[in-house]
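Below is one structure, written out as structure tokens, with a few remarks after it.
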Amino acid sequence: MITDDPGTPGSGKWENNLAIAFSHVPNEWSIDAPAIDLNYGWGDHIQLTLQTSAAFLKRSDHGLIGGVGGSEAAVKWRFLDEEKSGVDMSMFPRILFNVLHSSVRRGLADDGTRFQIPFQAEKKFGRLDLDLEFGPLVSTVGQSEFIYGLIAGTEVSKATPNMGEVHATSRTNFTRDVVTLNVGWRHKLNEHAIWIASLGHEVHSGADEPLALIGYCGVQLLY
């Protein structure tokens, strides 16, 4: 899902995601394959994260081009636990940057360097699990934005929770919202692998830009 949760892998453990992600608007496909998300538990409450991808872009009037997509480095700190405080809460500061400037020139990555300082909260109500994320996004190119999202999840079986999500980005004055609705699921294959998939669509764009169809399918490896 787009919205993050306060969970961390646990001390000395890895939680790595390998996936294919795509975005589609009329006359254009953008694909990350593979999208790589590496997460390491430094103690029980700290997560170190590194993300990158091989990115491909296909426009109807142009052949397929590829290169290195945008990258991300982040540290998550879960400072409240539901067992003790009644709610899980974390902060997840991150920096989003470009490894190659040619990827920006070719439309495979966003220009500039961006900084996020979002907070996450999670609360369980029986079989219902609610996750909330909110925080600013500051960029060296263009105006600053605000991100926020809400996920509601429930288990259809012990191995397969389903989730629905509303996620949005907006200017800091809450104008030009881009709102996305997303559904997804996690299916436990075994003790060390989980199949993760989601499909969503933008339902509002304040800039009158085309609304994108987005998707994600991959495996989460735990060890």
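Here are the numbers for this structure:
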{"read-out": "Candidate set from the range 172-182 (those that are in contact with a strand residue (DSSP E or B) (Cβ under 6 Å, 6 or more places away or on another chain) and open to solvent by less than 80 Å² (accessible area, probe 1.4 Å)); member that is modelled with the lowest pLDDT", "value": "D177"}
{"read-out": "Meets criteria (closer than 21 Å to G218 by Cα and touching a strand residue (DSSP E or B) at 6+ places or on another chain (Cβ under 9 Å)) for A193", "value": "yes"}
{"read-out": "Residue satisfying all of: in the range 1-55; assigned to a strand (DSSP E or B) and among the aromatic types (F, W, Y); nearest to H187 (Cα to Cα) among these", "value": "W14"}
{"read-out": "Pair list, Cβ < 6 Å and 6+ apart or interchain, from the range 46-61 residues that are closer than 18 Å to Y216 by Cα to residues that are open to solvent by 70 Å² or more (accessible area, probe 1.4 Å) and in a strand (DSSP E or B)", "value": "K58/W29"}
{"read-out": "So K84, is it open to solvent by 60 Å² or more (accessible area, probe 1.4 Å) and closer than 25 Å to A121 by Cα", "value": "yes"}
{"read-out": "Wholly enclosed strands (runs of 3 or more DSSP E) of the range 56-157 bearing at least 1 residues farther than 20 Å from I36 by Cβ and small (G, A, S)", "value": "88-91, 119-125, 128-139, 145-157"}
{"read-out": "Residue within the range 83-106 that is closer than 19 Å to V178 by Cα, among the small types (G, A, S) and either modelled with pLDDT of 85 or more or touching a Leu at 6+ places or on another chain (Cβ under 6 Å) (or both) present", "value": "no"}
{"read-out": "Subset of the range 10-30 [among the small types (G, A, S), buried (at least 16 other Cβ atoms within 10 Å of the Cβ) and closer than 16 Å to I194 by Cβ]", "value": "A19"}
{"read-out": "The range 33-49, residues that are open to solvent by less than 50 Å² (accessible area, probe 1.4 Å) and of a type outside the set (S, T, N, Q)", "value": "A33, A35, D37, G41, G43, I46"}
{"read-out": "Selected residue [within 15 Å of the chain's Cα centre (by Cα) and either aliphatic (A, V, I, L, M) or open to solvent by less than 40 Å² (accessible area, probe 1.4 Å) (or both)] from L132, L128, L100, L108", "value": "L132"}
{"read-out": "Test result for G200, at pLDDT 95 or above, within 23 Å of K124 (Cα to Cα), touching a Gly at 6+ places or on another chain (Cβ under 9 Å) and small (G, A, S)", "value": "no"}
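The values are calculated or read from the model by the stated rules, or taken from the named source; none is laboratory data. Predicted model only: the values in this text are computed from it and were never measured. Please note: Cβ atoms are built from the backbone with ideal geometry, for glycine as well, and neighbour counts cover all protein chains shown. In case anyone asks, the SASA skips ligands and DNA or RNA and just uses the protein heavy atoms, side chains included. Shrake-Rupley method; radii C 1.70, N 1.55, O 1.52, S 1.80 Å.
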